[in-house]
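Each remark here refers to the structure printed beneath this line.
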Amino acid sequence: MNGGCLCGAVRYKSDAAPVYQLYCHCRDCQKVSGSASAPIIFFPVQGLSIEGQVTYYESKGSSGKSIYRGFCSKCGSQLFGRLERLPDLLSIRAGTLDDPAAFHPQVHIHVSQAAPWEYIDPSLRSFPHDVPPR
Ligand SMILES: [Zn+2]
Ligand SMILES: [Zn+2]
């Protein structure tokens, strides 16, 4: 799968299959995206290549561990998430894929923090808090 930011300065490519595909409804994802939730695909770090200048912003997740959210240093597009808790994975915002149809969401997480004005597809499993164990 390939993708990149709005201005094209950052490009990525994964040779490996996704591990998780989900919507995160936590407040931090709402803040950083300006939207109701974040569509996220987790890939194995191995097999992933990133080109271009990415800036990472650190915050603490609900587990107390660090989350580093990466955005294009030029245009600000939100692209990546590195989780201290899941060091072998890297998350990518599905909206940055060259082919958005490649995103196949499986679950909703952190729905306890979902915005009251958001519609949540009831055909997918929902979890009030974090992603379920692998
Ligand atoms: Zn950019
Ligand atoms: Zn989130």
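Test G61 against the stated conditions and say whether it is at pLDDT below 95 and under 23 Å from A115 (Cα atoms).
So G61 fits the description; yes.
Would you check if Y12 is within 16 Å of ligand 1 (Cβ to nearest atom), over 17 Å from A94 (Cβ atoms), in a strand (DSSP E or B) and at pLDDT 95 or above? Don't jump to the end; show me each part of the working.
On the way: within 16 Å of ligand 1 (Cβ to nearest atom): yes; over 17 Å from A94 (Cβ atoms): no; in a strand (DSSP E or B): yes; at pLDDT 95 or above: yes.
Spelling it out, it is not the case that Y12 is within 16 Å of ligand 1 (Cβ to nearest atom), over 17 Å from A94 (Cβ atoms), in a strand (DSSP E or B) and at pLDDT 95 or above.
At least 2 residues that are over 14 Å from the mean Cα position of the chain (by Cα) and either more than 16 Å from ligand 1 (Cβ to nearest atom) or without any contact (Cβ under 8 Å) to a residue 12 or more places away in the chain (or both) in each: list the strands (runs of 3 or more DSSP E) lying fully within the stretch 22-134 that qualify. So that I can check it myself, show each step before the final result.
Working: elements: 38-44, 48-51, 54-60, 66-72, 78-83, 89-93, 107-109.
Qualifying strands (runs of 3 or more DSSP E): 48-51, 54-60.
Answer yes if at least one residue in the stretch 30-41 is within 16 Å of ligand 2 (Cβ to nearest atom) and within 13 Å of C72 (Cβ to Cβ), and no otherwise.
The initial filter retains those residues of the stretch 30-41 that are within 16 Å of ligand 2 (Cβ to nearest atom), namely 30-41.
Now drop any that are not within 13 Å of C72 (Cβ to Cβ), which leaves none.
There is no residue in the stretch 30-41 that is within 16 Å of ligand 2 (Cβ to nearest atom) and within 13 Å of C72 (Cβ to Cβ).
Just need a number here: residues in the stretch 11-47 that are closer than 29 Å to G64 by Cα, in contact with an Asp or Glu (Cβ under 8 Å, 6 or more places away or on another chain) and buried (at least 16 other Cβ atoms within 10 Å of the Cβ).
As a first pass, look at the stretch 11-47 and keep what is closer than 29 Å to G64 by Cα: 12, 14, 16-47.
With the extra rule that they be in contact with an Asp or Glu (Cβ under 8 Å, 6 or more places away or on another chain), the set shrinks to 12, 25, 36-37, 44-47.
Now drop any that are not buried (at least 16 other Cβ atoms within 10 Å of the Cβ), which leaves 12, 25, 36-37.
Going through the stretch 11-47 one residue at a time, the tally reaches 4.
Quick one: G47 ticks every box in (1) modelled with pLDDT of 95 or more; (2) more than 22 Å from K74 (Cβ to Cβ) except a single one, so which number is it?
(1)
The values are calculated or read from the model by the stated rules, or taken from the named source; none is laboratory data. Given the structure is predicted, the values throughout are model-derived calculations rather than measurements. Here Cβ is always computed from backbone atoms with ideal geometry, including for glycine, and neighbour counts include all displayed protein chains.
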